[in-house]
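Single-structure report; data block below.
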Amino acid sequence: MLESLILGLDNEVSEQRIEIEKLIKKIDLILKFLSENLNVEETIIEKLKEDLNR
């Protein structure tokens, strides 16, 4: 009985670990997307500043 309980908990932990890994991958993609957009916005702001200084 104790053995089956431990196996059940081990399976649940494994499933949760897989879900956490999926979430981490999604978060990583979101952060990359935001970072790329931030870089684009910074470039636009720099160009606008240059235009204003002319």
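Quick notes on this structure:
- Straight-line cross-link reach from LYS22 at under 17 Å between alpha-carbon atoms covers these lysines, not counting any fewer than eight positions away in the same chain: LYS32.
- Compactness ratio for the chain: Cα radius of gyration over 2.2 N^0.38 Å (N = residue count) comes to 2.33.
- About the Cα centre, charge dipole magnitude for the chain (Lys/Arg +1, Asp/Glu -1 at Cβ), debye: 280
- Reachable aspartates and glutamates, given that their alpha-carbon falls under 18 Å from the alpha-carbon of LYS49 and they are not under 8 places away in the same chain: GLU41
- Partners for LYS25 among aspartates and glutamates (Cα-Cα distance below 17 Å; same-chain residues under 8 apart left out): GLU15, GLU36
Every number here is computed from the coordinates shown, using simple stated rules; none is lab data. These numbers were taken from a predicted model, which means no experiment stands behind them. Here Cβ is always computed from backbone atoms with ideal geometry, including for glycine, and neighbour counts include all displayed protein chains.
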